[in-house]
1. May I ask which residue of Leu207, Ser222, Phe236 lies farthest towards the positive end of the charge dipole of the range 191-254, with charges of +1 (Lys, Arg) and -1 (Asp, Glu) on Cβ and the Cα centre as origin?
2. Could you work out how far apart the two model spin labels at Asp187 and Trp130 are, taking each label as a point 7 Å from the Cα in the direction of the beta carbon, and quote it in nm?
3. Order these peptides, 190-197, 24-31, by their mean beta-carbon neighbour count within 10 angstrom, highest first.
4. Can you find, among His184, Gln139, Leu283, the residue sitting farthest towards the positive end of the charge dipole of the chain, where Lys and Arg contribute +1 and Asp and Glu -1 at Cβ?
5. Note the angle between two axes, namely the Cα long axis of helix 114-135 and the longest principal axis of the Cα atoms of the chain, as a number of degrees from 0 to 90, rounded to the nearest 10.
6. Let's see if you can work this out: charge +1 on each Lys and Arg Cβ, -1 on each Asp and Glu Cβ, no other charges. What is the dipole magnitude of the chain about its Cα centre, in debye to the nearest 20?
7. Modelled label-to-label distance, Ala29 and Ser352, 7 Å Cα→beta-carbon offset: nm?
8. Putting +1 on Lys and Arg Cβ atoms and -1 on Asp and Glu Cβ atoms, find which of Thr162, Leu341, Thr263 reaches farthest to the positive end of the dipole of the chain.
Amino acid sequence: MADSQETASRWATLDRNRAILVCILLTIALLAGIWGSAALDVPATPSHAAPSASGAARSNEDLALYATIAERLAAGESYYPVAAEELRAGNYPLKPFVAFRLPTLAVAMAWLGRPVMMALQFALFAAMVWAWWIRLDKQFADKRRRVSGAMLAAAGVAVAFTGRYVGLHEVWAGTLIAMSIALHRRDRWAWSVITAALALAIRELSLPYVLLMGALALYRRSWREFAALAGVIILFGLAMAWHAQEVAKVVLPSDPGSPGWTTFGGWAGFLRTYYLAGPLRWLPAEAAAPLIILALFGWTSWRSPAGLAATLFYAGYGLAFMLFGRANNFYWGLMVAPAFLVGLAFVPRAFSDLASAARRREA
């Protein structure tokens, strides 16, 4: 349960000069967001294939690829030979081994079937929103902002409400990570670790989040939590070694390799990924870009362990988007989209505290 001091933002205790400096930096960031909004007008192409792959057609092929693999597994075939055949048939790269998704989601789809998986996904969305509803209790003087925070969490997964993305790994992993942040408490961290481990079992891009959790547990000297996370990371390392070994058995020397993901997209890569992967994609770019900055600013203002974890998580993945990922890798942003806009719920109090601090007279 949150304590009352968390209703104040991180900026409430700033002296006047530092508050003015934060105001200046925020203004610069907002202007940079508006300036960079021109980079957001790009086609949405969720593909991990070659950059030459085009638009909606390749998007549909990606989703069909995962569905076909699951169908063949349900018919009794083995994952790695099937995945290799389908990747070749779709002209996808087979190297390096991370071009093959972890088999977790495909096996679950094969065992349970699409209708059950859709029901489970909607249940996960509801559980994530409920977790944020509980976590935001007593955080705001205006109770309506708790409602808006939960609604923003729901908006973060709205892109998947149709069920079309039930086979997309990033939707599952990103929602589990958002739930993990909401569930974490200093004295009750087990469910947070479990959901983080599930995210890692579905998509290896969850590893930076798990490492962040481990670093924060070490910083807080929460030794049992750190040990649990270390165990998760060790098991993941062993699973990835096995995954690489199985991939090596089915990949041929003639199979194509990925052109690479290091693109140094910079500021445009940061804005584009956050824009295309979430509900902001339905807004004009000029309006969406400042909201991205404000959401991150809101997270920085939440004076709580969860606020610190979320700030480092969203800023860290944002930095990764500046360095890695082609334009058609925007779907990586689904790893952060589910709860990112919840940060906007903290902005009104942050503005109020920052303005008060900037007007404060020195004693």
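1. Sorting the options by dipole projection puts first Ser222.
2. 2.4
3. 190-197, 24-31
4. Gln139
5. Approximately 20 degrees, to the nearest 10.
6. 1160
7. A separation of 2.1 nm, rounded to one decimal place.
8. Leu341
Coordinate-derived values only; no laboratory data. Predicted model, so just to flag it, every value in this text is computed and none were measured. Please note: Cβ atoms are built from the backbone with ideal geometry, for glycine as well, and neighbour counts cover all protein chains shown.
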